[in-house]
Amino acid sequence: MSARVRAPELRGRGWLNTGGRDLTLADLRGKIVIADFWTFCCINCLHVLDELRPLEEKYGDVLVVIGVHSPKFEHEKDADALAAAVERYGVHHPVLDDPEMDMWQQYAARAWPTLSVIDPEGYVVATMAGEGHAEGLARLIDELIATHEAKGTLHRGDGPYVPPAEPETTLRFPGKAVLLDSGNLLVSDSARHSLVELEPDGETLVRRIGSGSRGRTDGPAEVATFSEPQGLCVLPEQVAEVAGYDLVVADTVNHLLRGVRLTTGEVVTIAGTGRQWRSTVDDHAHDALSVDLSSPWDLAWYDDKIVIAMAGIHQLWWFDPIKRTAGMYAGTTVEALRDGPLAEAWMAQPSGLSVSTDGTRLWVADSETSAIRYVENGVMGTAVGQGLFDFGHVDGPAASALLQHPLGVCALPDGSVLIADTYNGAVRRFDPATDQVSTVADGLAEPSDLVVTGEGEVLVVESAAHRLTRLAPGALSAAGANTVDGPRHRAERKPTDVTAGELTLDIVFTPAPGQKLDETYGPSTRLVVSASPPELLVEGAGTSTELSRRLVVNSAVTGGVLQVTAQAATCDVDVEHAACHLTRQDWGVPVRVVDGGAARLPLVLRGLDA
């Protein structure tokens, strides 16, 4: 706690959750402040919001969390979109809108999310990247309370949060929808933590499953609770008879799968412990109730099992409702775009699933790469999308088409697939027969899913408009499609100048107070490095257990992005029932290769004494 770095003043375009008041650091003097640099597309950032909630409750009279919104995608720079996201994800603290990322630069953030801890006297005393810091933050807060109470510089009392007015709509940020045998629609009403059954008109309320309060209670429809549920999957009839429930729900923030008996609305937990994934799982069968999940976002019945879009760790998993087992299906947990055999593929926050009508192909909306991927014959491929940093609204040949953070897909009988192109506010269509992408509807408010009715109509889950919307008749015809040559974007952050030749990559990690590195189940650390373009690195790409790596940068390449994934396992010390923790972070570091550039690239996974 020896560093005395004065926290930069908080400035931006505006504030949310303050009742219209602009805050300054002087207003927060006497409080412990956590500045959370986040962006609402980022699953790791959403995990941190969940990790901070218990701290805000426990330390409510001394702690103020300030969300500093630092957007990646163009859509996230929109002030209305940010206000919607703050409500959607239950953010109950002040949020500074910083579309130009000035505060990101001032606080030297390099990854989403980054947390900066400011003491009651206005000094930055800790900075940490990634998720999994709740235990360390609690210990640090306790230390700061003791220190500043003794000094007389800690002021207890209410913080500056002012809750917004409670809206009145049937749905609030619906996520996903499925068609029931009755012709009714079942919708995950994510911000109201429940499921809603609607008549075929998509508007008339039939019933609600779930009390509407955030929680994880099993039981009858009016008692059961969820936490921001998303994906829904109706089981085949013969499977449902054996399993004892008809519907599987991705209970996203609870990190669970729940089963629902549709005749009664009874809810039961069927997979997950409720703890967020912090370890590794192979593709072998595991007792489904014994494994930790991580933000399951969508579900599909494929290859005689439930496939789970495990957005939180950039993988697909599987769940067998009859054997009650689960395991890894595809992906390595590296956040990037790479095709190949399922166990070697890289994904980035898969958030939507749909199966072709012949059952051979599983379509995947890979949101953070703005891509549409597919699984077929044990291999993952990419139909549309260029990677983590290229996005836009461009139709035409699939190789050059661009999307912007799609969350949903819907396979059509003709072999094409509809795309809920969420951040473009559009419904797009990819036709494998012609290899073309077109726009069939736009002007929508964050569409997140699509469903085809028995009559062949298409309903769009228009999430930020809190409704289901029918596509216009003829929208799917050749005459109804448009070819848009819209904006092309690349997520740009200030590049780091590095030298050609040898470059040392150092991941700076300090265990939280009261913790030590844990090698009970093997090496305690892991580092994965790749580059875009791959030619950027002559040597150094790959996986190792050391947090320092010698890289060799190609002098013939002017720049690119180093994609780095690091994790460290720790365990409590001197505790009878020690808990174990996994700290993890993905970085996409833009670099420019120049003479005289840095020969060392340090990245802070967790650091005290900023």
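Where the centroid of each part is defined by its Cα atoms, how far is segment 99-154 from segment 335-387 in Å? So the separation of the two Cα centres works out to 37 Å. Around the amide H of residue 256, modelled in the peptide plane, lie the amide H atoms of 251, all under 5 Å away and 5 or more residues distant in sequence or on another chain. Annotation: for a label point projected 7 angstrom from Cα along Cα→Cβ of residue 79, residues of segment 6-39 with backbone N closer than 13 Å are 12-17, 20-22. Ranked for footprinting exposure by Cβ neighbours inside 10 Å, fewest first, 114, 558 give 558, 114. Multiplying the residue separation of residue 600 and residue 358 by 0.36 nm and removing their Cα-Cα distance gives an extension gain of 81.9 nm.
Computed 3J(HN,Hα) for segment 97-107, one whole-Hz value per residue from the Karplus formula 6.51 cos²θ - 1.76 cosθ + 1.60 where θ = phi - 60°, is 8, 10, x, 8, 6, 5, 5, 3, 5, 4, 9, glycine and proline marked x. What are the ³J(HN,Hα) couplings of segment 397-402, residue after residue, when phi is run through the Karplus curve with 6.51, -1.76, 1.60 and θ = phi - 60°? Round to Hz, x for glycine and proline. 3J(HN,Hα) across segment 397-402, in whole Hz: x, 4, 5, 10, 5, 10.
Neighbours of residue 501 by Cβ distance under 13 Å: Lys/Arg scored +1, Asp/Glu scored -1, total -1. Derived scalar couplings between HN and Hα for segment 137-143 equal 5, 4, 5, 5, 4, 4, 4 Hz in order, rounded to whole Hz, by the Karplus curve 6.51 cos²θ - 1.76 cosθ + 1.60 (θ = phi - 60°), x for Gly and Pro. Our estimate of slack between residue 105 and residue 543, defined as 0.36 nm per intervening residue step minus the Cα-Cα distance, is 154.7 nm.
Rounded to the nearest 10 degrees, the angle from helix 43-58 to the longest Cα principal axis of the chain is 60 degrees.
Across all directions, the average projected area of the convex hull around the alpha carbons of the chain is 26.9 nm². Among the trypsin sites (Lys or Arg not before Pro) within segment 120-212, those in coil by DSSP and having at most 15 neighbouring Cβ atoms inside 10 Å are 156. Enclosing the Cα atoms of segment 170-302 in their convex hull gives a volume equal to 103 cubic angstrom per residue.
The Cβ shell under 12 Å around residue 177 holds other residues with a net charge of -3, Lys and Arg each +1, Asp and Glu each -1. Taking other Cβ atoms within 10 Å as a rough exposure proxy, 31, 323 sort from fewest to most as 323, 31. Suppose R0 equals 25 Å. What FRET efficiency, 1/(1 + (r/R0)^6) with r the Cβ-Cβ distance, do residue 213 and residue 179 give to the nearest 0.05? Efficiency, from the Cβ-Cβ distance: 0.35.
Among the trypsin sites (Lys or Arg not before Pro) in segment 337-432, none is located in a DSSP loop while being surrounded by at most 16 other Cβ atoms within 10 Å of its own Cβ. Taking amide H as placed 1.01 Å from N in the peptide plane, residue 392 has its amide H under 5 Å from the amide H of 403, 404, 489, each at least 5 places away in sequence or on another chain. Between amide H atoms placed 1.01 Å from N, distances below 5 Å from residue 68 occur with 36, 37, 38, 96, all of them 5 or more places distant or on a separate chain.
Throughout, read-outs are computed from the coordinates displayed, never taken from laboratory work. Please read these numbers as outputs of a predicted model, since none were measured by experiment. Note that we place each Cβ from the backbone using ideal geometry, even for glycine, and neighbour counts take in every protein chain shown.
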